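The values are calculated or read from the model by the stated rules, or taken from the named source; none is laboratory data. Quick caveat, the model's predicted, so the values are computed rather than measured. Ideal geometry is used to build each Cβ from the backbone, glycine not excepted, and the neighbour counts take in all protein chains shown.
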Amino acid sequence: MFPKKTFICKNIKVMKSAIELFVSQKVKEYRDKRNWSQQYLADCINLSASFVSNRENPKTDDAFNLDHIDALAKIFECKIWDLLPQYPINDKKSL
């Protein structure tokens, strides 16, 4: 079995799903609204700046998980729902 990040073909483009892109954009918006650096946000949630950068970058497949979203909602003092789309998002990566 291959580890998650191992690719057999170099021509495969990896991208976030529509909902992952939505969440990463929302996190960036909340962070920018507060004039926080990626490093500051990373320190608040006990992760690295590169971790936050990779998740905000639409060209990587790294995404925030539910535990991250929960921690981010606490840090941003918002509801979890504020970081998620109001309605389902349809894309090719869906079930």
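Identify, please: which residue in segment 59-91 is in contact (Cβ under 8 Å) with a residue 40 or more places away in the chain and either among the polar types (S, T, N, Q) or not in a loop (DSSP other than H, G, I, E, B) (or both) and is, among those, nearest to V23 (Cα to Cα)?
My answer is L83.
Which pairs do you get when a residue that is basic (K, R) and surrounded by 13 or more Cβ atoms within 10 Å (Cβ to Cβ), found in segment 36-58, comes within reach of a residue that is outside any helix (DSSP H, G or I) and modelled with pLDDT of 95 or more, reach meaning Cβ atoms under 8 angstrom, with the pair 6+ apart or on two chains?
Note: pairs meeting the criteria are R55/D62; R55/A63; R55/F64.
In segment 66-80, what residues are over 13 Å from Y30 (Cα atoms) and exposed (fewer than 12 other Cβ atoms within 10 Å of the Cβ)?
L66, D67
Failed condition for R55, given (1) modelled with pLDDT under 95; (2) in a helix (DSSP H, G or I), with all others met?
Here R55 meets the rest and fails (1).
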